[in-house]
Amino acid sequence: MLFKNTFVGGIHPPEEKEFTEKLGIEEATLPKQVVIPLHQCTGFPYRSLVAKGDLVKVGQKIGDSDSAISAPVHTGISGKVVAVEPRLTFMGRMVESVVIDSDGKQDVSDSVKPHPVIEKISIQEIVEAVKNAGIVGLGGAVFPTHIKLSPPKEKRIDNLIVNGAECEPYLTCDYRLMLDDIFNLAYGIDIARKVLGVSKAYIGIEDNKPVAIDYLRKKLNRVEVRALKTKYPQGGEKQLIKTILNREVPSGGLPMDVGVMVLNVATCAQIAKTLKTGMPMIDRVVTVTGKYLRNPANLRVKIGTLYRDLIEECGGVDGTIRKVLCGGPMMGVAVPSLDIPVHKGTSGIVVFTQKEIDEMERDRYEEVCVRCGRCTEVCPVYLNPSLLADYAEKGDWEMCKKLNAMDCIECGACSFVCGSRRDIVQLIKLAKDNIRKHVK
Amino acid sequence: MKTIIISILGLGVIGLVAGLILGYTNQKFYRKVDPRIEEIDEALPGANCGACGYPGCRGFSEAVVAGKADVKGCLLGGEQTTCKISKIMGIEANKKKEKIVAILKCGGGKEQSPSKFDYQGVQTCQAAQTIGGGFKACTYGCLGLGDCVIVCPVDCIKMDENGLPQVEYEKCIACGKCLKACPRTLFTLLPISTKYHVNCSSKDKGAIARKACKIACIGCGICVKKCPSEAITMKDFLAKINPKKCTKSGKCIKACPTKCIIQM
């Protein structure tokens, strides 16, 4: 088959994974202060369960919401709540946050209790535990996992795909997790398989990680490990389904419409960890990297740790920091300040210095589209990005909708290849925003 | 020869029959078109700017004759056109209406309110607003990328060096397009005789507003106390002057500690 182990379109940006791929996951030093935003997943903001002056313990629930699509947040350190106030988050908006000063004792809350072994626990109990632990999709979409684990009855799920592609340049947190936390990963896959009632599970890994592929093939005997062609955005769930099962998710549909559930490796490992120890989601693996960062690392970081502390822990940079990304360079967001906290979706912190940015932006000026068609070639969801961008520039949202702007996965492949350096993704994002608001 | 006669006769008969049918239908289905529509259409500027809210000048003339639109509806034509239209319609236009203009309710340019972060994306206010809620330190203030300049049909808005749009009040026809284009809805329509207005839209608390912009309204309420005619009200840490009640005493301008109330 011509398109075996890959999908149509896509690009191959420089991988830049060499800074951290050989470094195992380390525990980050305990932060003196954490800022935990009360809005960390898809859905509505939560209300705070603690007030200024309260003493909190590790694993204590500090924010919850009554809405169906939400996951609670917990504190990862013990100490005293010094403020509940709006703080800046990675998107540049002010979000109500709980600020906790550590007392260094790390006393564990009484609410943290391990769950019974997998054979004895019922499906409802697992979903409830996942919900209470505040587990969300750790690949970056931060969609509450308990909703994914309880699909509507009419949708029959027959395949589970575990996403270990990690197609974003620079990031190695999922790769290291597959090597360093194999027991939790295997256990998590078993649990997800039990909950969804599926027999067939796949794990997709890009072939630029041969060590992980060999290792998982040896260790996971009930899961089919698929080596995928190294191509961005291989880790997009729709691309992954197309590659592994050759099924296409319909326009506007979800993977469950074609009977597939996609979970990130980190999410699986977190589910296992929560069920084994009872500890809710209080930390995650973050790749802190950059060409001029002195000691790049894969760190297990408490949610709420400030970027400034992490960059300091990694030895700071040679030169001046100019741009810091939350996530990888393709889909990540440039953060507005270093005093923002790690949230549940932070997979990486990529630091760029003034020197690098100057080199990158030396001839970065926008020109008009020359109709070369490269964006159309690389678009993994078969859109015409240049045309969409044109209509978005003119403000014709109805035409954007007709051209299926809503199917855009915002991967950024079109902007990457654009010879005229147009901000195509941003224009399409703008169109999507306006379609949601204005077009019925 | 015979062929020619037959064809002439044949054509003549067809022509006669067709003529009769056309004549009959013209009588039977005659629809009277008001000649005034044509006349008003002539009198209008013909720019089809759409500021009146109708699809072009023709649409407006039809609406005027149908009695749906006011004779003063054409904003671009102004007083002259109104006179012509009222003459055609045979009605006396009301007394001279006061000119209304669009006013920007923000004084925080690049100098007063710095950027939170460098923005390098699409250079329109609407796009900038979606990235982290806008790059400006003040979340209510003008982003200064000029969406209003682009939509203005009479080119009366220009960007100044401080990154704030300046409205030429003489040219402004109060069409309201800038009100809709601004993602932070910073424009408002006020009569040109309004002497004082609050040059700020920040609804933040005093300390936050002051940090974000040097000349923000901090909601201190001094102007409310000083105003002799109770024209100023305070809502969401933002003063508002009611132009109907304002007696133009000028006490608010002197009292305002951040100088956010200005004279037009």
- [ ] Mind telling me which of B:I37, B:I14, B:I241 comes out most flexible in a GNM of chain B, alpha-carbon contacts under 10 Å?
- [x] B:I14
Open item on the list: How big is the dipole moment of chain A about its Cα centre under a simple scheme where the beta carbon of each Lys and Arg is +1, that of each Asp and Glu is -1, and everything else is neutral? Debye, nearest 20, please.
Closed with: 980 debye
Open item on the list: Quick check on chain B: helices-only [θ] at 222 nm, where DSSP H runs of length 4 and up contribute -39,500 (n - 2.57) each and the sum goes over total residues. Nearest 500, please.
Closed with: -10000 deg cm²/dmol
Open item on the list: For a protection proxy built on the mean count of beta-carbon atoms within 10 angstrom, sort A:362-368, B:212-218, B:170-176 highest first, please.
Closed with: B:212-218, B:170-176, A:362-368
- [ ] Provide the percentage of antiparallel DSSP beta bridges, counting only those with both residues in segment A:118-277; round to the nearest 5.
- [x] 5 percent
Task: Residue (of B:S61, B:H197, B:T3) at the positive-pole extreme of chain B, dipole from beta-carbon charges - done: B:H197
TODO: Collect residues whose amide H, placed 1.01 Å from N in the peptide plane, falls under 5 Å from the amide H of A:V98; neighbours closer than 5 in sequence don't count.
DONE: A:I36, A:L38
Task: Of B:G221, B:G15, B:G109, the one that fluctuates the most in a GNM where chain B has Cα springs shorter than 10 Å - done: B:G15
Task: Mean ellipticity per residue at 222 nm, deg cm²/dmol - from DSSP H runs of n ≥ 4 across chain A, formula -39500 (n - 2.57) - done: -8000 deg cm²/dmol
Open item on the list: Of the candidates A:R294, A:R308, A:R371, which one comes out as most mobile in a Gaussian network treatment of chain A with C-alpha springs shorter than 10 Å?
Closed with: A:R371
- [ ] Can you find, among B:I173, B:G132, B:G107, the residue farthest towards the positive end of the dipole of segment B:98-191? Put +1 on the C-beta of Lys and Arg, -1 on that of Asp and Glu.
- [x] B:G132
- [ ] For B:K68 paired with A:R308, estimate the spin-label separation in nm (one decimal), with each label point 7 Å from Cα along the Cα-to-Cβ line.
- [x] 6.1 nm
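Once a ≥ b ≥ c are taken as the square roots of the eigenvalues of the Cα gyration tensor of the protein assembly as shown, is the result rounded (a/c under 1.5), prolate (a/b larger than b/c) or oblate (a/b not larger than b/c)?
Numbers: a/c = 2.41, a/b = 1.46, b/c = 1.66.
Oblate.
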Open item on the list: If a paramagnetic tag sat 7 Å from the Cα of A:R156 along the Cα-Cβ line, which residues of segment A:243-257 would have the backbone N under 14 Å from that point?
Closed with: A:257
Open item on the list: About the Cα centre, and with charges only on the beta carbon of Lys, Arg (+1) and Asp, Glu (-1), how big is the dipole of chain B? Nearest 20 debye, please.
Closed with: 1220 debye
TODO: Evaluate the relative contact order of chain A (contact order divided by residue number), counting alpha-carbon pairs under 8 angstrom at least 6 apart; express in whole percent.
DONE: 19 percent
TODO: Pull out a ≥ b ≥ c, the square roots of the eigenvalues of the alpha-carbon gyration tensor of segment B:35-89, then state rounded if a/c is under 1.5, prolate if not and a/b is larger than b/c, and oblate in the remaining case.
DONE: rounded
Task: Contact order normalised by residue count of chain B, Cα under 8 Å, 6+ apart, percent - done: 14 percent
Task: Inter-site label distance for A:F183 and B:M89 at 7 Å from Cα along Cβ, in nm - done: 8.6 nm
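What does DSSP give for the protein assembly as shown in terms of the percent of beta bridges that are antiparallel, rounded to the nearest 5?
70 percent
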TODO: With a ≥ b ≥ c taken as the square roots of the eigenvalues of the C-alpha gyration tensor of segment A:118-277, please select rounded if a/c is under 1.5 and otherwise prolate if a/b is larger than b/c or oblate if it is not?
DONE: oblate
Open item on the list: Please compute the contact order of segment A:221-262 in relative form: average sequence separation of alpha-carbon pairs under 8 Å and at least six residues apart, divided by the residue count, as a percent.
Closed with: 25 percent
- [ ] Using only Cα atoms, locate the centre of segment A:336-365 and the centre of segment A:220-247, then give the distance between them in Å, rounded to an integer.
- [x] 29 Å
Open item on the list: Can you find, among B:C220, A:V99, A:P13, the residue sitting farthest towards the positive end of the charge dipole of the protein assembly as shown, where Lys and Arg contribute +1 and Asp and Glu -1 at Cβ?
Closed with: B:C220
Task: Cα→Cβ-extended label distance, 7 Å offset, between B:I8 and B:F29, nm - done: 3.4 nm
- [ ] Can you tell me the FRET efficiency between A:D214 and A:N5 if r is taken as the Cβ-Cβ distance and R0 is 22 Å, rounded to the nearest 0.05?
- [x] 0.85
Task: Lys, Arg +1 and Asp, Glu -1 on Cβ, resulting dipole of segment B:102-168 about Cα centre, debye, nearest 20 - done: 240 debye
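Each reported figure results from applying straightforward, stated rules to the coordinates on display, with no laboratory input. All of these numbers come straight from a predicted model, not from anything done at the bench. Note that each Cβ is placed from the backbone with ideal geometry, even for glycine, and that neighbours are counted across all protein chains shown.
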